1. Can you tell me which of (1) hydrophobic (A, V, I, L, M, F, W, C); (2) in contact with a strand residue (DSSP E or B) (Cβ under 6 Å, 6 or more places away or on another chain); (3) under 30 Å from Val83 (Cβ atoms); (4) surrounded by fewer than 23 Cβ atoms within 10 Å (Cβ to Cβ) is the one Met135 doesn't meet?
2. Filter the range 299-318 down to the residues that are aliphatic (A, V, I, L, M) and part of a loop (DSSP other than H, G, I, E, B), then identify the one that is surrounded by the most Cβ atoms within 10 Å (Cβ to Cβ).
3. Can you find a residue that is over 16 Å from Ala26 (Cα atoms) and small (Gly, Ala, Ser) anywhere in the range 101-109?
4. Quickly run through the range 89-110 and pick out the residues that are surrounded by fewer than 21 Cβ atoms within 10 Å (Cβ to Cβ) and in a loop (DSSP other than H, G, I, E, B).
5. Here are some residues: Phe335, Phe321. Which one is among the aromatic types (Phe, Trp, Tyr), buried (at least 16 other Cβ atoms within 10 Å of the Cβ) and either within 23 Å of Val150 (Cβ to Cβ) or not assigned by TED's automatic domain parsing to the domain that holds Arg138 (or both)?
6. Would you call Phe291 closer than 20 Å to Val5 by Cα and crowded, with 19+ Cβ neighbours inside 10 Å?
7. Can you report the number of residues in the range 286-298 which are in contact with a helix residue (DSSP H, G or I) (Cβ under 8 Å, 6 or more places away or on another chain) and assigned to a helix (DSSP H, G or I)?
8. For the range 113-154, what are the residues that are over 17 Å from Glu292 (Cβ atoms), in contact (Cβ under 8 Å) with a residue 12 or more places away in the chain and not in a strand (DSSP E or B)?
Amino acid sequence: MKGVVWHGPRRMAVEEVPQPEPGPGAVVLRTGAAGICGSEVEGYLGRMGNRTPPLIMGHEFSGTVVAVGEGVDGGWLGRRVAVNPLISCGECRLCRAGHENLCPERAMVGIHRPGAFAEYVEVPAGGLHALPEGMDLRSAALAEPLANGVHAAGLGLERGPAELAVVMGAGTIGLMCLQAAVLSGIPEVWVLEPHDGRRARALELGASRALAPGAASEEAVREAAGGLGADLVLDAAGAGETRRAAARLARPGGTVVLVGLHEDETSLGFHDVVRRQIALQGSYAYTPRDFERALEWLASGEAGIGELPDPLPLEKGPDAFEELVRGPSDRVKVFLGEGA
């Protein structure tokens, strides 16, 4: 079969690779749609230490079950499914407490094992979610990024309700954080994003306001909150400046949820964090409940990213990565796969 194989920084090729066979408790899917994640673009550039070449990436995906392994219900054959790619042990103290995303033994399809930028991919049957009749495979592939937004918004609201939230960045994860915040009941959700087209998309998807980053926008946030700042800030970009801006935008006693992974190390003035009692909360991936909620919102049409592009053939994969390296465009999501 064909697979898009990453061999190191900016080295990627479409190659013939062995077609997977389903092991016990696993199935093989024919990939229908696999979205390229921002973290994979960073990995393509060699900035993600958790990815080791040679590797077939692809963890945001859906497809059709074509083979089942020992112990798997044969009823899955031919089913169209979304896949939760996060694999946990299910037995440790963290898993038992509902923090499967933090399991010390966790693994991710497309990072620790071959992913969906290939014609076929093997996945554990426990990660399968059958799709309702008529649901598009591209929409189903968005369940993984939306689950990240569901998890981040949920963490931000654990410290109490929010009247005003701000999302930093309107790429895919930023738009997912936006929609999760809106669907979680936050009355005002603003977005700060430098790209005109992405600001327009954020407004289409429920943002109360979408502004370019800068001092004037930060002042507008504070004015809207009576001079205090936002109750909750979700940083979906993960750059040094967006993290610092997020801390500035949070009100005294407010919460900053850090989702984006663009940069590793960031300097931050901690005197201000301490004196204004800002809570800095990391958010990694999602739990099975977050994934289920995300898929429900997508299936019902309550969430999405608007009109979806057709999946590109695998042969276009390396060029698609190079294009994404060049920076933001109006195209929020790129899929590889067969579609249908």
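1. Going through the list (1) hydrophobic (A, V, I, L, M, F, W, C); (2) in contact with a strand residue (DSSP E or B) (Cβ under 6 Å, 6 or more places away or on another chain); (3) under 30 Å from Val83 (Cβ atoms); (4) surrounded by fewer than 23 Cβ atoms within 10 Å (Cβ to Cβ), Met135 breaks only (2).
2. Pass one, the range 299-318, residues aliphatic (A, V, I, L, M): 299, 303, 305, 308, 312, 314.
Still in the running and part of a loop (DSSP other than H, G, I, E, B): 303, 305, 308.
Values: Ala303: 27, Ile305: 21, Leu308: 19.
Filtering first and then ranking leaves Ala303.
3. Taking the range 101-109 first, the residues over 16 Å from Ala26 (Cα atoms) are 101-106.
If we keep only those that are small (Gly, Ala, Ser) too, we end up with none.
Looking through the range 101-109, none of the residues is over 16 Å from Ala26 (Cα atoms) and small (Gly, Ala, Ser).
4. Cys89, Gly90, Glu91, Cys92, Ala97, Gly98, His99, Cys103, Pro104, Glu105, Arg106
5. Numbers: Phe321 fails: either within 23 Å of Val150 (Cβ to Cβ) or not assigned by TED's automatic domain parsing to the domain that holds Arg138 (or both).
Just one listed residue meets the conditions, Phe335.
6. Values: closer than 20 Å to Val5 by Cα: no; crowded, with 19+ Cβ neighbours inside 10 Å: yes.
Spelling it out, it is not the case that Phe291 is closer than 20 Å to Val5 by Cα and crowded, with 19+ Cβ neighbours inside 10 Å.
7. The first filter runs over the range 286-298 and keeps only residues in contact with a helix residue (DSSP H, G or I) (Cβ under 8 Å, 6 or more places away or on another chain), leaving 286-288, 290-291, 293-295, 297-298.
Filter once more, keeping what is assigned to a helix (DSSP H, G or I): 288, 290-291, 293-295, 297-298.
Counting residues in the range 286-298 that are in contact with a helix residue (DSSP H, G or I) (Cβ under 8 Å, 6 or more places away or on another chain) and assigned to a helix (DSSP H, G or I) gives 8.
8. Pro114, Gly115, Ala116, Phe117, Glu119, Asp136, Leu137, Arg138
The values are calculated or read from the model by the stated rules, or taken from the named source; none is laboratory data. Predicted model only: the values in this text are computed from it and were never measured. In this analysis, Cβ positions are derived from the backbone assuming ideal geometry, glycine residues included, and neighbour counts consider all displayed protein chains.
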